[in-house]
Amino acid sequence: MSSRRTINKFDLDEVFACIRERPVRWIDLAGTKPARRMLRPIIDELLASGAVKFVRLGGSRHLAAAAWSPSKQDQLDEIYGRCRAVDGCMLWTGRIDPERGPAMYAAWAGTERSVRRRIWGVRQRKLDRSTTITMTCANPDDCVLFEHMQRANRGVKLKGKPKTLLHRNAIAAAKRKTMGKLNDERVALILTSEKSTRCLAREMDVSQATVQAVRSGDRWRNYRATPFTGLDAANDAERRRA
């Protein structure tokens with residue numbers, strides 16, 4: 001990605017000016033091993049001061065100014081540089097997440113994200129959480145070519161598939177927001193109290209059906225606690241009725 005621009009005078013200001021111009025490989029700054037050894041103290045000083053940072057571009061490490069961020073073309077070059085062309089597709093050679101598909105860590109972003117969502121964000125715009133990407137080619141598992149991508153509602157992709165624990169927890173959290181009179185403390189009191197459903201409903205100014213639904217595990221589920229929380233509540237309710 002970088003054109004070779006070897007410098008011979010190892011002055012900190014000159015080296016920093018070269019790096020600030022655009023990301024550059026170590027070998028492009030000093031072409032020989034003795035020269036790179038002479039350059040190391042200057043690079044170490046620039047790194048320690050926070051003036052420069054390492055980024056990975058085109059499959060190799062580059063030195064870049066701390067405030068540098070890649071252009072859209074740089075991002076695409078980095079992504080497609082990790083692919084191989086097969087039958088008109090660009091197949092991802094990196095990690096493939098079981099849930100998100102092709103995934104990559106980008107040094108400029110500091111996070112791991114879906115490769116396809118990165119590409120879509122560069123070519124179009126960032127997608128919201130309710131939208132996902134499907135592939136229209138014969139390699140839907142690892143192809144990341146933009147021309148083979150298609151937007152889809154996330155619900156369509158997940159239709160018929162069992163919900164993950166994270167998904168169920170998100171649904172439960174959304175439902176809890178609509179239950180204005182209940183909170184974690186009140187729910188804990190309902191689950192631990194020996195009082196009757198009618199008594200608790202009157203004290204908390206909610207319906208008996210709401211109290212019963214909490215005790216049976218039908219409402220205010222908390223998947224982060226344990227998958228059996230709802231079952232325990234249901235068993236407690238059965239014991240109270242017995």
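Six or more apart or on different chains, Cβ under 8 Å: which pairs go from a residue in the stretch 127-149 that's over 13 Å from residue 88 (Cβ atoms) to one that's of a type in the set (Gly, Ala, Ser) and open to solvent by less than 30 Å² (accessible area, probe 1.4 Å)? Could you list them? As it stands, the answer is 127/121; 131/152; 132/152; 133/114; 133/152; 134/152; 141/101; 142/101, since those pairs meet every condition given.
Scanning the stretch 24-46 for residues that are modelled with pLDDT of 85 or more, open to solvent by less than 50 Å² (accessible area, probe 1.4 Å) and not in a helix (DSSP H, G or I) turns up just one, 24.
Matching residues to (1) modelled with pLDDT of 85 or more; (2) among the charged types (D, E, K, R); (3) in a strand (DSSP E or B):
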| position | (1), (2), (3) |
| --- | --- |
| 4 | no, yes, no |
| 7 | no, no, no |
| 13 | yes, yes, no |
| 53 | yes, yes, yes |
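When the test is whether a residue is more than 19 Å from the chain's Cα centre (by Cα) and either more than 26 Å from residue 22 (Cα to Cα) or of a type in the set (Phe, Trp, Tyr) (or both), residue 80 passes it.
For every residue, the table says whether it meets (1) open to solvent by 30 Å² or more (accessible area, probe 1.4 Å); (2) at pLDDT 90 or above; (3) of a type in the set (S, T, N, Q).
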{"site": "69", "(1), (2), (3)": "yes, no, yes"}
{"site": "77", "(1), (2), (3)": "yes, no, no"}
{"site": "89", "(1), (2), (3)": "no, yes, no"}
{"site": "98", "(1), (2), (3)": "yes, no, no"}
{"site": "102", "(1), (2), (3)": "no, yes, no"}
{"site": "110", "(1), (2), (3)": "yes, no, no"}
{"site": "119", "(1), (2), (3)": "no, yes, no"}
{"site": "129", "(1), (2), (3)": "yes, no, no"}
{"site": "132", "(1), (2), (3)": "no, no, yes"}
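The values are calculated or read from the model by the stated rules, or taken from the named source; none is laboratory data. The structure presented is a predicted model; accordingly, all values stated were derived computationally and were not measured. Reconstructed Cβ throughout: ideal geometry from the backbone, glycine too, with neighbour counts over all protein chains shown. For accessibility, only protein heavy atoms count, side chains too; no ligands or nucleic acids. Shrake-Rupley method; radii C 1.70, N 1.55, O 1.52, S 1.80 Å.
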